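The values are calculated or read from the model by the stated rules, or taken from the named source; none is laboratory data. Worth saying up front: this structure is predicted, and the values here are computed from it rather than measured. In this analysis, Cβ positions are derived from the backbone assuming ideal geometry, glycine residues included, and neighbour counts consider all displayed protein chains.
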Amino acid sequence: MASKANNYSKATNNRNYNYSNRSFQRKITDNRTIRFKCNLQNTIIDVLRDRGWTEVKDESDWDFYWCDVGWLRENFDHMFMEEHVRICHFRNHYELTRKNLMAKNLKRLRKQIEREQGKVEATKCDFFPTTYELPSEFHIFVEEFKRNPGSTWIMKPVAKSQGKGIFLFRKLTDIPDWCKKKGMDAPDTYIVQRYVESPYLIGGRKFDMRIYVLVTTYIPIKAYLYREGFARFSNTRYNLESIEDSYIHLTNVAIQKTAPDYDSEKGCKWSLDSLRKYLTAKHGIESLETLLQAITNIFIKSLQSVQRVIINDKHCFELYGFDILIDANLKPWLLEINASPSLTASSQSDYEMKVRLLEDVLNVVDMENKLTGKEKRVGGFDLIWDDGPVTKEDVGFDSISSSSLYTSNVFLGCLNDREQQLKQMYKQQQNKAAATQSNN
């Protein structure tokens, strides 16, 4: 087997549902081995190769393609895809993941809800900071800025990632000064947002959460929430005196790992399981459940905001990386949504988590046609929306019991006993298939 991406190795635990030992997991309905293509050299290529599928390169035919968004933009509109073929992005995924379009679509949804259901219901969309697009909305922004003297704002380029080009400011003069510094006659498109000045702190440090949501269709919306994820911490204790210090205010790993005292072994991450336990001990289970429901509302409202504009295609699915910040009042804020969340591992444990995540993406996408489509759980993914909210059932494995305050099928940060669940699920499927065959 080829050497592992990122210099991290896959866990060698004995998994009874190993794909290479289950021929029915390797075949599509016409009995051909599944052919995959992947142009990324990180964790996903390891997972695909371990799946027991056949890797193809160049212009060879494929059944499954984990592509980058650049390839999609250049090729999708000129292709014919057979019924069973799957690809890892929706055609215009950027409606939700480009920062200015995300804000535009969320604002439009809020106005629609207020018009149709009233102001109280519209407050359920108040989970993203006041946002303007620059330079097109500069004059509107200036009016808002003058109404809130002394506030801190944050500028973000709409089409960059990993914290590139982001800065905080409190004076309008900082914007033209910045443009001059960059040597721009016409500045790139940016968004400017009210900075959340009172984030929830742990150990005096700011953090945000990376949470994974998988969407398999937009008409109707069908969305799964992954149990695992991580909290990304800043390397320096939080304060508002030094707004120019990226190590205080930006939690991106790409930024934090350049800090002089960054510990590459420990990193700046907690698992969501650890964060859940901390918040439960600090605030109680009911406060935690209320927070999780508010976070789930962010996922659903975000997807609904683009349901009418996303080009739905049966060949497409999307793994989104939601970045969520919690403030000092336990209110969650949506920072941004990523269509290509980083699959490059920063440590061995990070690699193993992303392997589990990607294996379960493939389990849900189900190229082998072994699921019924009615499963509420597949490995670490829990179905949270299926043309409407999905309620909990007795799954029997969770180490942290949920409060009875809410009934939605959300287990974020709960034990991810995916091996046991997958083994049981596939065994039940085999037993049903055997019973049906014997009856015929």
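Odds and ends about this structure:
- Being crowded, with 19+ Cβ neighbours inside 10 Å, in a loop (DSSP other than H, G, I, E, B) and not assigned by TED's automatic domain parsing to the domain that holds Val309 is true of His89.
- Output for segment 43-79, where each listed residue is touching a residue at least 40 places away in the same chain (Cβ under 8 Å), surrounded by fewer than 19 Cβ atoms within 10 Å (Cβ to Cβ) and within 30 Å of Ala159 (Cβ to Cβ): Asp68, Val69
- If the condition is being closer than 23 Å to Lys99 by Cα and surrounded by fewer than 16 Cβ atoms within 10 Å (Cβ to Cβ), then segment 281-306 contributes only Asn297.
- Residue satisfying all of: in segment 218-239; out of contact with any Leu (no Cβ under 9 Å at 6 or more places or on another chain) and surrounded by fewer than 18 Cβ atoms within 10 Å (Cβ to Cβ); nearest to Lys164 (Cα to Cα) among these: Asn239
- Residue ID - nearest to Ile191 (Cα to Cα), chosen from residues in segment 101-154 that are of a type in the set (Val, Ile, Thr) and touching a Leu at 6+ places or on another chain (Cβ under 8 Å): Ile154
- Near pairs, Cβ below 9 angstrom, 6+ apart or cross-chain, from segment 300-313 (closer than 13 Å to Gln112 by Cβ and touching a residue at least 24 places away in the same chain (Cβ under 8 Å)) to any residue that is of a type in the set (S, T, N, Q) and surrounded by 16 or more Cβ atoms within 10 Å (Cβ to Cβ): Ser305/Asn105; Val306/Asn92; Val306/Asn105; Val309/Asn92; Val309/Asn105
- Contact annotation: residue pairs with Cβ atoms under 7 Å, 6 or more positions apart or on different chains, pairing a residue in segment 140-159 that is farther than 23 Å from Asp245 by Cβ with a partner that is part of a helix (DSSP H, G or I), are Val158/Lys99; Val158/Asn100.
- Residues of segment 317-358 classified as in contact with a Leu (Cβ under 9 Å, 6 or more places away or on another chain), under 22 Å from Lys222 (Cβ atoms) and modelled with pLDDT of 95 or more, total: 10
- When every residue of segment 299-314 is checked against the conditions, none turns out to be under 22 Å from Lys206 (Cα atoms) and small (Gly, Ala, Ser).
- Subset of segment 198-238 (residues that are hydroxyl-bearing (Ser, Thr, Tyr), out of contact with any Cys (no Cβ under 9 Å at 6 or more places or on another chain) and either farther than 17 Å from Tyr320 by Cα or not assigned by TED's automatic domain parsing to the domain that holds Asp382 (or both)): Ser198, Tyr200, Thr236, Tyr238
- Pick from segment 29-86, criterion of a type in the set (Gly, Ala, Ser) and not in a helix (DSSP H, G or I), ranking: modelled with the lowest pLDDT: Ser60
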